[in-house]
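Notes follow once the structure below has been shown.
The values are calculated or read from the model by the stated rules, or taken from the named source; none is laboratory data. Note that the structure is predicted; figures quoted are calculated from it, not measured. Quick reminder, even Gly has a Cβ in these numbers, built from the backbone with ideal geometry, and neighbours come from all protein chains shown. These accessible areas exclude ligands, DNA and RNA; they are computed on the full protein's heavy atoms, side chains included. Shrake-Rupley method; radii C 1.70, N 1.55, O 1.52, S 1.80 Å.
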Amino acid sequence: MNRRIMVAGNWKMYKTIDQAVALAKAVAAGPARQGLDVLLCPNFVCLEAVVRAVAGSHVQVGGQNLHWQDEGAFTAEISGPMLRSVGASHVIIGHSERRQFFGETEKTVRMRLAAALRHGLKPIVCVGETQAERESGQTDDVLASQLAGGLAGLSAAEMVKVTLAYEPVWAIGTGLTASDEQAQQVHAFIRAWLAARFDNQVANSCGILYGGSVKPANAAGLLRQKDIDGALVGGASLDADSFLGIIAAV
Ligand SMILES: O=C(CO)COP(=O)(O)O
């Protein structure tokens, strides 16, 4: 089993173009490592500038969302062909902030996933439970239902193109991180779910990132876990030193 490791920065709704270019250049000046993918996901306004800023480096660039239609009268939306045209290689789908604030459902996750695959964008599909769900013992059920809905009808050939991200909602932006053991336990659950839904080969080749208050200080412990294949970083990706610190800790 030799899955690649990914460290991805989700910049959320932060950075103007000048700030984004400076950060992207600083990340691209960091070391390239064998078997490690480095991905930056800026806001849509900064995408083109960031793609140019990292051109020729080891750093890849992704969007934070995409619409399921290729084009149409959908004011303010961005489509797969548009992301491709700007040079994005990846796209985040179903982030908990989209679920929480913008009406994202399993059904829309699945439609966005189809659009990403249709256009050759590498999808990163996010799942995760809230604090209330964890405390009431529903973590596995919530994850199983998010996975079943978000990946409904997907073929094995499609699944191996998907990266998953486990982001416990209670650990996002809160400074609370899942312990290494808590995170590993859920990652192992997700991998077992994949093995049951697809097969062992699919389960073993699928990258599963952890997200939720990942910092340079806790990255090594998390990334050492058997089923954790990288990190999806929010706050700590907004500063070059801390993001490079996480990369160095891998
Ligand atoms: O939501 C996240 C990445 O997508 C995690 O955010 P934080 O690293 O700020 O907790």
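Counting only protein heavy atoms and using a 1.4 Å probe, what share of the accessible area of the chain belongs to carbon plus sulfur, as a whole percent?
Values: 5800 of 10940 Å².
Its accessible area is 53 percent carbon and sulfur atoms.
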**Prompt:** For the chain, what does the alpha-carbon gyration tensor say about shape, rounded, prolate or oblate, given a ≥ b ≥ c as the root eigenvalues, a/c under 1.5 as rounded, and a/b over b/c as prolate?
**Reply:** rounded
**Prompt:** Most fluctuating residue of VAL86, VAL169, VAL45 in a GNM of the chain with Cα springs under 10 Å: which is it?
**Reply:** VAL45
**Request:** Over every pair of different alpha-carbon atoms in region 1-134, take the mean of 1/r and invert it; report that Kirkwood radius in Å.
**Result:** 15.6
**Asked** Between MET6, ILE92, SER79, whose Cα lies farthest towards the positive end of the dipole of region 1-101 when Lys and Arg beta carbons carry +1 and Asp and Glu beta carbons carry -1, centred on the Cα centre?
**Response** MET6
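Let me check I've understood the local charge: for GLN69, count other residues with C-beta under 15 angstrom from its C-beta, Lys and Arg +1, Asp and Glu -1. What total comes out?
+2
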**Request:** For region 70-129 and region 184-250, compute the distance between their C-alpha centroids and round to whole Å.
**Result:** 21
**Prompt:** So what is the accessible area of region 5-249 per residue, in Å², with the probe set to 1.4 Å?
**Reply:** 43
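Using the Cα centre as the reference, give the magnitude of the dipole from point charges on the C-beta atoms of region 5-249 (Lys, Arg: +1; Asp, Glu: -1; all else neutral), rounded to the nearest 20 debye. Present the calculation step by step, with values, prior to reporting the outcome.
Numbers: 20 positive and 23 negative charges, 104 e Å.
I would put it at about 500 debye.
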**Message:** Could you work out the relative contact order of the chain? I mean the mean sequence separation of Cα pairs under 8 Å and 6+ apart, divided by the number of residues, in percent.
**Reply:** 20
**Prompt:** When only C-alpha pairs under 8 Å and at least 6 residues apart count, what is the relative contact order of region 117-236, in percent?
**Reply:** 27
